[in-house]
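Undergrad: This is the structure, below, for whatever I ask next.
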Amino acid sequence: MNSQGTKDKRMRWAALRTWTNAVYTALSEAAAGWLASSHISKQLRLKKLPLHWSNATVANLRHQLQSMITSESQEPPASTVAYTTEAHMRNISAQEIQLIAHIQETTTAHNRSNVTRTSAYLEMYEAYPELHWAFLAHMVSRNGGWNMSDLKGGLMSDLMDPAFKEQLYQFLERCNALIFQDAYPQLLLYKHSLERGTPLFHLLPEFHVSRFMSPFWEQFWEDRVSPLLTVALIINEQNYIECRVAQHPFYRKHVLNHPSFRLHEHARLNQIVFPLHHQDIPSVPGQWRIRSLPSRPLIGLRMPRFNNLKIRINTGKALYAMLFGYEEPFEQTLAYARSTPHHGSRAEYWPELFTYARDAAMTTANANLELTGSEWLRSGNRLFSPLIEDVWHDSEYESISEQDWFQNERMLSYLSAPKRPFQIDMTHAHRTALEEIAIVHDLERQLPIG
């Protein structure tokens with residue numbers, strides 16, 4: 001073997017040893033982090049907030065929904081019937097026609113990008129805090145933006161080919177936009193109902209909203225009980241995107257079944273994180289304290305499989321119960337949202353590790369050494385997490401099918417009280433995920449095949 005070959009072999013072995021040490025360090029940190037996370041979660045769960053739930057009300061609404069299915073069993077399926085007919089329009093006043101146009105225009109304006117949607121959700125919640133779903137949607141939409149920016153960031157971006165990154169962005173953006181397109185008109189109808197002093201939910205079909213939602217809005221108008229409406233919206237929105245995105249042949253072939261999606265899902269996409277406002281991690285016993293810990297704590301949950309409708313619904317319900325079921329997580333998450341405008345960069349919650357300035361970002365192939373070797377990353381050597389509007393542009397889509405997903409009773413089983421999760425701290429798990437991505441990233445760059 002010539003001297004150059006010997007040198008290359010030594011470099012490969014050195015890189016392999018470095019990688020092995022990084023894996024050991026990351027595993028050690030993960031074990032200590034899990035224990036610390038359990039302790040922190042316990043502290044965050046100390047004060048519970050009520051999640052009012054009436055089984056009698058749910059039973060009545062189930063009966064109404066079952067009656068819809070039964071009464072229309074002899075009619076053509078809703079998937080082949082247009083929502084809005086001329087006969088129906090003749091029963092709508094001129095003033096209501098103007099309102100429909102106004103809501104459509106407002107929704108389109110706010111649906112321009114992930115940033116405008118996320119802001120609109122928070123503004124709606126601030127104006128009408130009984131609309132719990134709006135704040136939950138705001139926080140989940142932030143995560144959507146961070147995931148989109150990751151595709152042009154420093155670690156995940158290097159592990160994916162350009163074509164897949166574009167397709168995954170279209171997938172994430174489409175989900176984000178379709179949920180807003182369906183849900184935001186419902187929120188605006190509630191707003192205008194309050195302003196006019198009369199319910200306007202008979203107009204829901206004009207926005208192609210599933211008939212599933214009508215009984216819940218009518219009930220909410222009567223009792224203003226937020227959890228039931230929130231659960232209904234979670235069920236509705238996840239079913240809305242199921243056939244239009246999750247089961248869409250193109251996205252199943254080019255995104256959900258793509259090997260790179262599995263990597264992205266296991267690495268980051270399955271973590272939904274809500275940053276807390278305060279800058280101090282709750283106290284942890286000394287034997288569980290770990291070294292690699294950013295300053296801002298996170299709460300959150302994992303969603304193991306995006307392509308599973310049941311998992312998405314149950315995760316949404318658990319996120320809601322976590323956010324509105326515990327006092328400190330709710331107050332601190334709301335304070336964070338109010339104080340931190342959303343632009344899609346992870347530097348919004350961990351500026352010690354991320355930067356949206358490309359010229360201040362890490363350029364070496366030793367991200368795992370940097371992450372496992374220090375608590376924070378020094379200025380000029382942080383992970384690149386761009387502002388979403390700097391790296392992605394507004395998208396146009398083909399027309400969306402207007403079928404109603406509610407055709408049977410299968411989804412009624414999800415009308416159950418949301419349960420508060422126990423392991424809610426995500427600070428350590430999120431930090432560990434970064435280290436795992438960095439290990440794969442550095443190994444791929446340092447040990448090329450061939």
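FYI, it's all coordinate maths here, none of it is from the lab. All values derive from a computational prediction rather than experimental measurement. Don't worry about glycine lacking a Cβ; one is built from the backbone with ideal geometry, like all the others, and counts go over all protein chains shown.
Undergrad: Quickly rank 116-124, 204-212, 247-255 as a protection proxy: mean count of other C-beta atoms within 10 Å, highest first.
TA: Output ranking for 116-124, 204-212, 247-255: 116-124, 204-212, 247-255.
Undergrad: Related question: Students often check this: by mean Cβ neighbours within 10 Å, which of 230-243, 170-183 ranks highest, and how do the rest follow?
TA: 230-243, 170-183
Undergrad: Can you give the FRET efficiency to the nearest 0.05 for residue 335 and residue 163, using r as the Cβ-Cβ distance and R₀ = 56 Å?
TA: 0.85
Undergrad: Moving to a separate point now. Normalise the Cα radius of gyration of region 185-254 by 2.2 N^0.38 Å (N = residues in it) and let me know the number.
TA: It is 1.30.
Undergrad: Any chance you could check the Cα centroid distance between region 218-234 and region 157-201 for me, in angstrom?
TA: First find each Cα centre; the distance between them is then 20 Å.
Undergrad: Something else: How much length is gained if the chain between residue 119 and residue 59 is pulled fully straight, taking 0.36 nm per residue apart and subtracting their Cα-Cα distance, in nm to one decimal?
TA: In short, 18.1 nm is gained.
Undergrad: How much length would be gained if the chain were fully extended between residue 401 and residue 97, taking 0.36 nm per residue of separation minus their Cα-Cα distance, in nm to one decimal?
TA: On the way: separation 304, 0.36 × 304 = 109.44 nm, distance 2.22 nm.
Full extension from residue 401 to residue 97 adds 107.2 nm.
Undergrad: Put one equal scatterer on each alpha carbon of region 135-207, apply the Debye formula with no solvent term, and list log10 I(q)/I(0) at q = 0.11, 0.14, 0.26, 0.28 1/Å to two decimals.
TA: Each listed q maps to, in turn, -0.43, -0.59, -1.11, -1.18.
Undergrad: Lysines near residue 152 by alpha-carbon distance under 17 Å, same-chain residues fewer than 8 away left out - which ones?
TA: Excluding near neighbours in sequence, the set is 165.
Undergrad: Something else about it: Once you put a point 7 Å from the Cα of residue 46 and another 7 Å from the Cα of residue 327, both along the Cβ direction, what distance in nm separates them?
TA: In this crude spin-label approximation the distance works out to 0.9 nm.
Undergrad: Between Rg and the Kirkwood Rh of region 154-270, both from Cα atoms, what is the Rg to Rh ratio?
TA: Over the Cα atoms of region 154-270, Rg/Rh equals 1.11.
Undergrad: Now for a separate question. Just subtract the alpha-carbon distance of residue 193 and residue 257 from 0.36 nm times their residue separation and send over the number in nm, one decimal.
TA: Using 0.36 nm per residue and subtracting the Cα-Cα distance, I get 18.7 nm.
Undergrad: Setting aside same-chain residues fewer than 8 positions from residue 191, which lysines have a Cα under 28 Å from its Cα?
TA: 317
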